[in-house]
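What follows is one structure encoded as structure tokens, with my remarks underneath.
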Amino acid sequence: MAPLFRYFLVGGAAALTDLSLFFLLAQIAGLPYLAVGAFSFLVATFVNYVLSIRFVFRSGSRFSKGHEMLLVFAVSAIGLLVHQVVLYCAVDILKFHLMLAKVSATGSVFFWNFGARRYFIFRQPTSLVQPRIN
């Protein structure tokens, strides 16, 4: 199965976590949507990391586990910034329904997260010496 498809499934599980928490805390409990959006995004990032190293990417091939997780959260910080800007604009400027805004914000960072993780964090190291083929 292709890594993008596996990541799509993993991302779906993380998105379900993100959307469920957001719905419960922002829509039902009425907590401030931007704070809840950041919180649910971070929880989903952790879920995504755990599932990604299990089913999509090869963990520990370039960095130690701690360094790798730190990089995942650094990449996700950029994703979080994009997420929060899209969420704010969708709710306060475009007047989207709260959950439609959340889905838009979540979808807006999907490809950033996949690309950054695949190419910057989990890319397999290349050998400096190329094998000779006779």
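The values are calculated or read from the model by the stated rules, or taken from the named source; none is laboratory data. It should be emphasised that the depicted structure is a prediction, and the values quoted were computed from it without experimental measurement. We place every Cβ from the backbone using ideal geometry, glycine too, and count neighbours over all the protein chains shown.
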Within region 50-62, is even one residue over 17 Å from the mean Cα position of the chain (by Cα), more than 17 Å from Phe110 (Cβ to Cβ) and in contact (Cβ under 8 Å) with a residue 40 or more places away in the chain? yes
What about Phe55, is it of a type in the set (Phe, Trp, Tyr) and touching a His at 6+ places or on another chain (Cβ under 7 Å)? no
Which one of these is buried (at least 16 other Cβ atoms within 10 Å of the Cβ) and on the phi < 0 side of the Ramachandran plot: Ala29, Ala44, Ala35, Ala2? Ala44
Candidate set from region 1-15 (those that are assigned to a helix (DSSP H, G or I), of a type in the set (A, V, I, L, M, F, W, C) and over 15 Å from Ala101 (Cα atoms)); member that is modelled with the lowest pLDDT: Leu4
If we keep only residues of region 76-104 that are buried (at least 18 other Cβ atoms within 10 Å of the Cβ) and closer than 16 Å to Asn48 by Cα, then the residue farthest from the chain's Cα centre (by Cα) is His83
